[in-house]
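Have a look at the structure below, then the notes.
Coordinate-derived values only; no laboratory data. All of these numbers come straight from a predicted model, not from anything done at the bench. Here the Cβ positions follow ideal geometry from the backbone for every residue, glycine too, while neighbour counts run over all protein chains shown.
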Amino acid sequence: MLRSALILLAFAAGAPLQAQLGSRDPEFAKIPFDAWIAAGKQAVFKWNIHLTKPQLSVHQRLFAEVEVIIDGVELAKRRGQGQFVIFVQIKDSSGVSYQDHGNIDLQKVEESVKASNITFSDTAFFLPGDYSMDVALYATGTKEYAVKKSTLHVAPLIGDPLTGSWSGLPPVEFRPVSEPPDSWFLPRLKGRVQLNAAPQHPQQIELIANITPSERDSGSLRIQDRNLSFLIPALKVFAQTEFRNASLSVSLIDMVKQKIPFHQENVTTLDWLSMRSSLAAADPGVIDVKSLEKSMQKARFFIREINKRVGETPSSKVLIILSTAVAFGSEQDLEPLHLETPTDAKVFYLRYQAEPARVYYGPQQPVSRRRGGRMPGQNISLIGPPVDQLAPVLKALAPKVFDVKSPIELRKAIAAILKEISAL
């Protein structure tokens, strides 16, 4: 996805086709792109490209970014003259092309842009392999263009715990541009990871995602976005798993409003539109008076919901709980869960622990980096991971707890959970 923090970027992605046909962006037909790449003569722009190191995403696919860095002077000189268009073409080892583009509206460029370097990034998911990359920068008003070439090697994961999960995926798939909550789920992404689990005996699997922020984080949109940008992709990966000899249901739990805003039985394809509406309504910055009055019973509500699920028939049940570390607050009744009926339910608690936050203190605060400038020195301290009071509440169910801070730790946890489910 092409994006900029300084300039509004209009974006149009080429529609993905079958993997063997690549992905063609119709905007490329409007320019002689191949001739530009083959020709030696081009405009002298002050710009560059940089490829980030491929890494694993929380969606459990490898990704890399093409960073396009443009000197703001180039935009300022062409203010009001059409658009700057960035074309990105990636070819796999078979020569199949995958294309994408983005636009900068030069009508909206301000004179002050010349003091900055403008950086865009186009994100794509990759299979392991070797790729060539061609990037063109085109000024529609002056008909100037410039091109740059690069290569990218995407290494396979060493000791991959989920071998075969990328079977059938296209070698390249550009990540669609979106805002929360779509940016968490990526509903327009066509590729689907291939996972499966086949328990020995019939099982009912309940996947529960806690969308409630911890007490100290309540009301923070930034923290809510960080947490859900990890938990929702994790939920999506589990929901895409093919469970043989088992049924899957998915629920969201909102402990502040004491609701189950989303529930779907017998999931084969997750109903994202319904879940999206539920997530959009669960705004942590907007808590009504009635919800505030109930907030002191969050722990009790969670216990009731878990008891309800483990007490239902059939007794062969698996609970997978996805959550951040939860601190309920000093006023909460934190007695551990007492089972109302005996159960042999298997419980997995996948606990997302974000990396310790960096806190800046002193007379100066971080500032945006400008061209030729340097970030001023700062005093930095780290805040440790939050205390979790959810695991003790679940103690009676003997949950297996997985602490995850990164996509690779999530991948290992998913592999371990699916392996245990297959052994039931």
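Some points to look at:
- The HN-Hα couplings worked out from phi for region 162-171 by the Karplus form 6.51 cos²θ - 1.76 cosθ + 1.60 (θ = phi - 60°) are 10, 4, x, 5, 9, 4, x, 6, x, x Hz, whole numbers, x standing for Gly and Pro.
- Positive minus negative residues near PRO128 (Lys, Arg vs Asp, Glu; Cβ under 12 Å): -2
- Region 159-213 - percent relative contact order, Cα under 8 Å, separation 6 or more: 39
- Around ALA391: net Lys/Arg minus Asp/Glu count, Cβ-Cβ under 13 Å: +1
- Only alpha carbons enter this Debye calculation for region 9-174, each as an equal point scatterer, and the log10 of I(q)/I(0) it gives at q = 0.12, 0.13 Å⁻¹ is -0.56, -0.65.
- Percent RCO, i.e. relative contact order, over region 9-174, from Cα pairs under 8 Å lying at least 6 residues apart: 28
- Shown in residue order for region 401-411 are the 3J(HN,Hα) couplings computed by the Karplus curve 6.51 cos²θ - 1.76 cosθ + 1.60 at θ = phi - 60°: 9, 10, 8, 10, 10, 8, x, 6, 5, 4, 4 Hz (x for Gly and Pro).
- Shown in residue order for region 260-269 are the 3J(HN,Hα) couplings computed by the Karplus curve 6.51 cos²θ - 1.76 cosθ + 1.60 at θ = phi - 60°: 10, x, 9, 8, 9, 8, 6, 6, 10, 10 Hz (x for Gly and Pro).
- The H on the amide N of ASN117, modeled in the peptide plane, is under 5 Å from the matching H of GLY72, ARG371, each at least 5 residues off or on a different chain.
- Cβ-based net charge around GLU173, under 9 Å, with every Lys or Arg adding one and every Asp or Glu removing one: +3
- Computed from the C-beta positions of VAL96 and VAL44, the FRET efficiency with R₀ = 35 Å rounds to 0.65.
- A cut-off of 5 Å between modelled amide H atoms, ignoring neighbours fewer than 5 places along the same chain, links LEU207 with SER249, VAL250, SER251, ILE320.
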